[in-house]
Amino acid sequence: MTRSYLPRIADDELSERLNRIGAVLIEGAKGCGKTETARQLAASEVRLDVNETIRETAKIAPLKVLAGPTPRLIDEWQLAPQIWNAVRREVDDRGADGLFILTGSASPADDQTRHTGAARFSRLRMRTLSLAESSLSSQDVSLKELLSGAKNVSGQSTLTLDDIIEETCHGGWPGDRQRSLLAARRNVTEYVNEIAFGDIKMADSVRHDPVRVLAVMRALARNTATEAALTTLAADTGENDPMHPDTVGHYIRALERLMVLEPLLAWHPVLRSKARVRTSAKHHFVDPAMTDSLLRAGPEELSLDLKTFGLLFESLVLRDL
(Lines give C-alpha, C1' and ligand atoms only; values in the text may rest on other atoms or scores of the structure.)
Protein backbone atom coordinates (compact mmCIF):
# COMPACT_ATOMS: atom_id res chain seq x y z
CA MET A 1 0.00 0.00 0.00
CA THR A 2 1.47 3.35 -1.08
CA ARG A 3 1.00 6.10 1.49
CA SER A 4 1.32 9.84 1.00
CA TYR A 5 2.37 12.21 3.75
CA LEU A 6 -0.46 13.60 5.85
CA PRO A 7 0.26 17.19 6.92
CA ARG A 8 0.65 17.48 10.68
CA ILE A 9 0.09 20.27 13.16
CA ALA A 10 3.70 19.67 14.20
CA ASP A 11 4.98 20.72 10.75
CA ASP A 12 4.76 24.43 11.51
CA GLU A 13 5.98 23.93 15.07
CA LEU A 14 9.08 22.11 13.85
CA SER A 15 9.84 24.79 11.27
CA GLU A 16 9.50 27.56 13.84
CA ARG A 17 11.81 25.84 16.30
CA LEU A 18 14.50 25.09 13.73
CA ASN A 19 14.61 28.80 12.97
CA ARG A 20 15.50 29.72 16.54
CA ILE A 21 17.53 26.89 18.09
CA GLY A 22 20.32 24.50 17.16
CA ALA A 23 18.53 21.15 17.59
CA VAL A 24 14.97 19.88 17.93
CA LEU A 25 14.08 16.62 19.64
CA ILE A 26 10.83 15.10 18.38
CA GLU A 27 9.49 12.64 20.93
CA GLY A 28 6.51 10.34 20.71
CA ALA A 29 5.24 6.78 20.64
CA LYS A 30 6.57 4.48 17.95
CA GLY A 31 4.71 4.84 14.66
CA CYS A 32 3.09 8.22 15.40
CA GLY A 33 4.80 9.89 12.44
CA LYS A 34 7.93 11.50 13.93
CA THR A 35 10.34 10.38 11.20
CA GLU A 36 8.13 11.37 8.27
CA THR A 37 7.46 14.77 9.81
CA ALA A 38 11.19 15.31 10.35
CA ARG A 39 11.92 14.26 6.76
CA GLN A 40 9.81 17.10 5.42
CA LEU A 41 12.53 19.53 6.55
CA ALA A 42 15.66 17.37 6.91
CA ALA A 43 18.43 17.75 4.34
CA SER A 44 20.07 14.43 5.30
CA GLU A 45 19.37 11.57 7.67
CA VAL A 46 20.79 8.61 9.51
CA ARG A 47 18.58 5.87 10.96
CA LEU A 48 20.06 4.19 14.00
CA ASP A 49 17.25 1.63 14.22
CA VAL A 50 17.96 -0.02 10.85
CA ASN A 51 21.74 0.12 10.52
CA GLU A 52 23.73 -1.68 13.20
CA THR A 53 27.08 -0.53 11.78
CA ILE A 54 26.12 3.12 11.99
CA ARG A 55 24.66 2.53 15.44
CA GLU A 56 27.98 1.17 16.69
CA THR A 57 29.81 4.05 15.04
CA ALA A 58 27.50 6.47 16.82
CA LYS A 59 28.47 4.95 20.16
CA ILE A 60 32.22 5.06 19.50
CA ALA A 61 32.66 8.12 17.27
CA PRO A 62 29.37 10.05 17.30
CA LEU A 63 30.79 13.06 15.44
CA LYS A 64 31.12 10.92 12.29
CA VAL A 65 27.37 10.31 12.35
CA LEU A 66 26.64 14.02 12.67
CA ALA A 67 28.50 14.97 9.49
CA GLY A 68 26.17 15.83 6.63
CA PRO A 69 23.88 18.53 5.21
CA THR A 70 21.71 20.25 7.80
CA PRO A 71 19.17 19.97 9.23
CA ARG A 72 20.47 16.42 9.76
CA LEU A 73 17.96 13.88 11.03
CA ILE A 74 19.20 11.38 13.65
CA ASP A 75 16.39 8.83 13.88
CA GLU A 76 15.88 6.91 17.16
CA TRP A 77 18.81 8.66 18.84
CA GLN A 78 18.26 6.84 22.16
CA LEU A 79 19.79 3.68 20.66
CA ALA A 80 23.14 5.46 20.91
CA PRO A 81 22.78 7.88 23.87
CA GLN A 82 26.29 9.24 23.25
CA ILE A 83 24.72 11.18 20.39
CA TRP A 84 23.10 13.60 22.82
CA ASN A 85 26.27 15.19 24.16
CA ALA A 86 27.87 15.12 20.71
CA VAL A 87 24.95 17.12 19.28
CA ARG A 88 25.12 19.52 22.21
CA ARG A 89 28.81 20.18 21.56
CA GLU A 90 28.26 20.61 17.82
CA VAL A 91 25.50 23.14 18.43
CA ASP A 92 27.85 25.08 20.72
CA ASP A 93 30.79 24.87 18.32
CA ARG A 94 28.93 25.75 15.12
CA GLY A 95 26.82 28.47 16.71
CA ALA A 96 23.97 28.12 14.21
CA ASP A 97 20.26 27.28 14.29
CA GLY A 98 18.49 24.38 12.61
CA LEU A 99 21.42 21.96 12.65
CA PHE A 100 19.87 18.72 13.88
CA ILE A 101 16.55 16.96 14.28
CA LEU A 102 16.56 14.03 16.70
CA THR A 103 13.65 11.62 16.96
CA GLY A 104 13.04 9.19 19.80
CA SER A 105 10.30 6.75 20.78
CA ALA A 106 11.78 6.05 24.20
CA SER A 107 13.59 8.01 26.87
CA PRO A 108 16.68 6.22 28.19
CA ALA A 109 16.21 4.78 31.67
CA ASP A 110 19.17 6.86 32.83
CA ASP A 111 18.13 10.23 31.51
CA GLN A 112 21.08 12.15 32.96
CA THR A 113 22.69 12.27 29.49
CA ARG A 114 20.16 14.95 28.63
CA HIS A 115 20.55 17.37 31.53
CA THR A 116 22.72 19.73 29.46
CA GLY A 117 20.20 20.33 26.68
CA ALA A 118 19.01 23.76 27.83
CA ALA A 119 19.37 26.49 25.19
CA ARG A 120 20.51 23.92 22.63
CA PHE A 121 17.48 21.66 22.27
CA SER A 122 13.77 22.26 21.88
CA ARG A 123 11.48 19.31 22.64
CA LEU A 124 8.48 18.69 20.44
CA ARG A 125 6.01 15.99 21.49
CA MET A 126 4.02 14.19 18.79
CA ARG A 127 1.12 11.84 19.17
CA THR A 128 -1.03 9.83 16.79
CA LEU A 129 -3.21 11.62 14.25
CA SER A 130 -5.90 13.88 15.62
CA LEU A 131 -9.34 13.89 14.02
CA ALA A 132 -8.42 17.15 12.33
CA GLU A 133 -5.22 15.68 10.87
CA SER A 134 -7.22 12.68 9.67
CA SER A 135 -9.65 15.05 7.86
CA LEU A 136 -12.48 13.81 10.08
CA SER A 137 -13.07 17.16 11.79
CA SER A 138 -14.59 20.26 10.24
CA GLN A 139 -12.21 22.37 12.36
CA ASP A 140 -14.97 24.97 12.73
CA VAL A 141 -14.23 25.54 16.42
CA SER A 142 -10.94 27.12 17.42
CA LEU A 143 -9.59 26.31 20.87
CA LYS A 144 -7.52 29.50 20.69
CA GLU A 145 -10.67 31.57 20.14
CA LEU A 146 -12.45 29.80 22.98
CA LEU A 147 -9.61 30.52 25.38
CA SER A 148 -9.50 34.12 24.16
CA GLY A 149 -13.09 34.62 25.21
CA ALA A 150 -14.81 34.54 21.83
CA LYS A 151 -18.58 34.51 22.29
CA ASN A 152 -19.78 33.41 18.88
CA VAL A 153 -18.04 30.09 18.37
CA SER A 154 -20.05 27.33 16.72
CA GLY A 155 -19.61 24.32 14.52
CA GLN A 156 -21.32 21.12 13.51
CA SER A 157 -19.81 17.68 13.11
CA THR A 158 -20.94 15.35 10.38
CA LEU A 159 -19.78 12.32 12.38
CA THR A 160 -22.40 10.13 14.00
CA LEU A 161 -21.93 8.40 17.34
CA ASP A 162 -21.18 5.14 15.51
CA ASP A 163 -18.57 6.95 13.39
CA ILE A 164 -16.79 8.24 16.50
CA ILE A 165 -16.89 4.82 18.16
CA GLU A 166 -15.36 3.20 15.06
CA GLU A 167 -12.67 5.88 14.82
CA THR A 168 -11.83 5.39 18.50
CA CYS A 169 -11.27 1.69 17.81
CA HIS A 170 -9.40 2.34 14.53
CA GLY A 171 -6.69 4.50 16.07
CA GLY A 172 -4.70 7.38 14.67
CA TRP A 173 -1.47 5.75 13.48
CA PRO A 174 -0.60 7.31 10.11
CA GLY A 175 0.39 3.95 8.65
CA ASP A 176 -3.12 2.60 9.28
CA ARG A 177 -5.05 5.63 8.07
CA GLN A 178 -6.06 4.01 4.76
CA ARG A 179 -6.54 0.52 6.19
CA SER A 180 -9.85 -1.06 7.08
CA LEU A 181 -11.10 -1.03 10.65
CA LEU A 182 -10.39 -4.76 10.98
CA ALA A 183 -6.82 -4.45 9.68
CA ALA A 184 -6.10 -1.40 11.82
CA ARG A 185 -7.39 -3.12 14.98
CA ARG A 186 -5.24 -6.17 14.30
CA ASN A 187 -2.22 -3.91 13.91
CA VAL A 188 -2.99 -2.20 17.22
CA THR A 189 -3.12 -5.59 18.95
CA GLU A 190 0.29 -6.48 17.51
CA TYR A 191 1.56 -3.05 18.56
CA VAL A 192 0.48 -3.67 22.15
CA ASN A 193 2.10 -7.12 22.19
CA GLU A 194 5.33 -5.73 20.76
CA ILE A 195 5.50 -3.24 23.61
CA ALA A 196 5.23 -6.03 26.17
CA PHE A 197 7.58 -8.49 24.48
CA GLY A 198 10.16 -6.16 22.97
CA ASP A 199 9.97 -2.40 23.17
CA ILE A 200 9.85 -2.15 26.94
CA LYS A 201 13.48 -3.30 27.00
CA MET A 202 14.45 0.05 25.46
CA ALA A 203 12.94 1.96 28.37
CA ASP A 204 14.39 0.00 31.24
CA SER A 205 17.47 -2.08 31.97
CA VAL A 206 15.46 -4.27 34.35
CA ARG A 207 14.19 -7.55 32.91
CA HIS A 208 10.40 -7.60 32.56
CA ASP A 209 8.01 -10.51 32.31
CA PRO A 210 5.96 -9.81 29.15
CA VAL A 211 2.91 -11.52 30.64
CA ARG A 212 3.06 -9.19 33.63
CA VAL A 213 3.60 -6.18 31.41
CA LEU A 214 0.38 -7.07 29.59
CA ALA A 215 -1.36 -7.58 32.95
CA VAL A 216 -0.40 -4.05 34.01
CA MET A 217 -1.49 -2.63 30.66
CA ARG A 218 -4.86 -4.37 30.92
CA ALA A 219 -5.28 -3.06 34.46
CA LEU A 220 -4.56 0.43 33.17
CA ALA A 221 -7.07 -0.08 30.36
CA ARG A 222 -9.76 -1.17 32.82
CA ASN A 223 -9.08 1.96 34.86
CA THR A 224 -8.43 4.39 32.02
CA ALA A 225 -9.36 8.03 32.66
CA THR A 226 -9.94 7.30 36.36
CA GLU A 227 -8.01 8.18 39.50
CA ALA A 228 -6.98 4.59 40.19
CA ALA A 229 -4.30 4.24 42.85
CA LEU A 230 -1.39 1.82 42.49
CA THR A 231 -3.06 -0.52 44.98
CA THR A 232 -6.16 -0.67 42.79
CA LEU A 233 -4.13 -1.30 39.65
CA ALA A 234 -2.09 -3.97 41.43
CA ALA A 235 -5.26 -5.76 42.56
CA ASP A 236 -6.47 -5.75 38.96
CA THR A 237 -3.37 -7.57 37.69
CA GLY A 238 -4.70 -10.90 38.97
CA GLU A 239 -6.90 -12.32 41.68
CA ASN A 240 -4.65 -15.28 42.52
CA ASP A 241 -1.25 -13.64 42.15
CA PRO A 242 -1.56 -9.84 42.13
CA MET A 243 1.53 -7.76 41.63
CA HIS A 244 3.00 -5.51 44.30
CA PRO A 245 2.00 -1.83 43.90
CA ASP A 246 5.66 -0.78 43.74
CA THR A 247 6.23 -3.19 40.85
CA VAL A 248 3.19 -1.82 39.05
CA GLY A 249 4.55 1.68 39.55
CA HIS A 250 7.87 0.62 38.04
CA TYR A 251 6.14 -0.81 34.97
CA ILE A 252 4.06 2.35 34.59
CA ARG A 253 7.17 4.51 34.57
CA ALA A 254 8.67 2.29 31.85
CA LEU A 255 5.51 2.66 29.74
CA GLU A 256 5.66 6.41 30.20
CA ARG A 257 9.27 6.43 28.98
CA LEU A 258 8.05 4.61 25.86
CA MET A 259 5.52 7.44 25.55
CA VAL A 260 2.61 5.05 25.08
CA LEU A 261 1.14 5.97 28.46
CA GLU A 262 0.36 9.54 29.46
CA PRO A 263 -0.37 10.66 33.01
CA LEU A 264 -2.87 13.47 33.33
CA LEU A 265 -1.65 15.12 36.50
CA ALA A 266 -4.04 16.26 39.20
CA TRP A 267 -5.57 19.69 38.83
CA HIS A 268 -4.89 22.01 41.72
CA PRO A 269 -7.34 24.88 42.28
CA VAL A 270 -6.30 28.30 43.47
CA LEU A 271 -4.98 28.59 46.99
CA ARG A 272 -7.61 28.36 49.76
CA SER A 273 -10.22 27.04 47.33
CA LYS A 274 -12.82 24.71 48.81
CA ALA A 275 -12.84 22.62 45.64
CA ARG A 276 -11.84 19.01 46.17
CA VAL A 277 -8.24 18.48 45.20
CA ARG A 278 -7.48 15.37 43.16
CA THR A 279 -4.17 13.82 44.19
CA SER A 280 -3.80 10.83 41.86
CA ALA A 281 -2.97 11.13 38.18
CA LYS A 282 -5.31 9.76 35.55
CA HIS A 283 -3.64 7.49 33.04
CA HIS A 284 -4.45 7.47 29.35
CA PHE A 285 -2.85 5.44 26.58
CA VAL A 286 -1.47 7.63 23.81
CA ASP A 287 -4.28 6.44 21.55
CA PRO A 288 -7.66 5.11 22.76
CA ALA A 289 -7.41 2.24 20.26
CA MET A 290 -4.81 0.71 22.59
CA THR A 291 -7.32 0.74 25.43
CA ASP A 292 -9.94 -0.79 23.16
CA SER A 293 -7.52 -3.56 22.17
CA LEU A 294 -6.51 -4.31 25.77
CA LEU A 295 -10.16 -4.48 26.82
CA ARG A 296 -10.83 -6.85 23.90
CA ALA A 297 -13.78 -4.68 22.99
CA GLY A 298 -14.89 -3.33 19.65
CA PRO A 299 -17.44 -0.99 18.09
CA GLU A 300 -20.34 -3.34 18.77
CA GLU A 301 -19.42 -3.86 22.43
CA LEU A 302 -18.72 -0.17 23.04
CA SER A 303 -21.98 0.91 21.41
CA LEU A 304 -23.77 -1.24 24.02
CA ASP A 305 -21.66 0.13 26.89
CA LEU A 306 -21.59 3.90 26.46
CA LYS A 307 -20.24 4.43 29.98
CA THR A 308 -17.05 2.59 29.04
CA PHE A 309 -16.97 4.31 25.66
CA GLY A 310 -17.19 7.64 27.47
CA LEU A 311 -13.87 6.92 29.16
CA LEU A 312 -12.25 6.06 25.82
CA PHE A 313 -13.78 9.19 24.33
CA GLU A 314 -12.11 11.20 27.09
CA SER A 315 -8.78 9.73 25.96
CA LEU A 316 -9.63 10.63 22.36
CA VAL A 317 -10.31 14.24 23.36
CA LEU A 318 -7.12 14.41 25.40
CA ARG A 319 -5.08 13.07 22.46
CA ASP A 320 -6.53 15.68 20.12
CA LEU A 321 -5.98 18.52 22.58
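The values are calculated or read from the model by the stated rules, or taken from the named source; none is laboratory data. Since this is a predicted model, take the numbers as computed values, not measurements. Because the Cβ atoms are built from the backbone with ideal geometry, glycine has one as well, and the counts that use them run over all protein chains shown. Only protein heavy atoms, including side chains, enter the accessible area calculation; ligands, DNA and RNA are left aside. Shrake-Rupley method; radii C 1.70, N 1.55, O 1.52, S 1.80 Å.
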Checklist entry - Scanning the chain for trypsin sites (Lys or Arg not before Pro) in DSSP loops with at most 12 other Cβ atoms within 10 Å, what's the longest stretch left with none? => result 21-150
Checklist entry - What number comes out for the charge environment of A132, summing +1 per Lys or Arg and -1 per Asp or Glu over other residues with Cβ under 14 Å away? => result -1
Checklist outcome for this item: Sorting I74, A119, L48 by the position of each Cα along the dipole of the stretch 24-145 (Lys, Arg +1; Asp, Glu -1; all at Cβ), the one nearest the positive end of that ordering is A119
Next on the checklist: Given the options G298, L264, V141, identify the residue whose Cα lies farthest towards the positive end of the charge dipole of the chain (+1 on Cβ of Lys, Arg; -1 on Cβ of Asp, Glu).
Outcome noted: L264
Checklist entry - Say each of V317 and D49 gets a label point 7 Å from the Cα, pointing the same way as Cα to Cβ; how far apart are those two points in nm? => result 3.2
Item to check | Cα-centred dipole magnitude for the stretch 173-321, charges only on beta-carbon of K, R (+1) and D, E (-1), debye, nearest 20 | outcome: 480
Checklist entry - Which FRET efficiency value, to the nearest 0.05, do you get for D93 and D11 by plugging their Cβ-Cβ distance into 1/(1 + (r/R0)^6) with R0 = 22 Å? => result 0.15
Checklist entry - In the chain, with Lys and Arg counted as +1 and Asp and Glu as -1 at Cβ, which of these residues, G198, P288, H244, has the Cα nearest the positive end of the dipole, that is, farthest along it? => result H244
Checklist outcome for this item: Ordering Y5, Y191 by the accessible surface of their heavy atoms, 1.4 Å probe, largest first, yields Y5, Y191
Checklist entry - Once you sort the root eigenvalues of the Cα gyration tensor of the chain as a ≥ b ≥ c, which label holds: rounded (a/c under 1.5), prolate (a/b larger than b/c) or oblate (the other case)? => result prolate
Item to check | Cα centre as origin, Lys/Arg/Asp/Glu Cβ charges: the stretch 1-56 dipole, Debye | outcome: 80
Next on the checklist: With the cut-off at 1.5 for a/c, could you classify the stretch 1-110 from its C-alpha gyration tensor as rounded, prolate or oblate?
Outcome noted: oblate
Checklist entry - By accessible area of protein heavy atoms, probe 1.4 Å, what ranking do S4, S315 get, highest first? => result S4, S315
Next on the checklist: Using the Cα centre of the chain as the reference point, and only Cβ charges (+1 on K/R, -1 on D/E), how large is the resulting charge dipole? Debye, rounded to the nearest 20.
Outcome noted: 880
Item to check | Sequence of H170, H250, H244 from largest to smallest accessible area, 1.4 Å probe | outcome: H244, H250, H170
Next on the checklist: I need the shape label for the stretch 178-321. Rule: rounded when a/c is under 1.5, else prolate if a/b > b/c, else oblate, with a, b, c from the alpha carbon gyration tensor.
Outcome noted: oblate
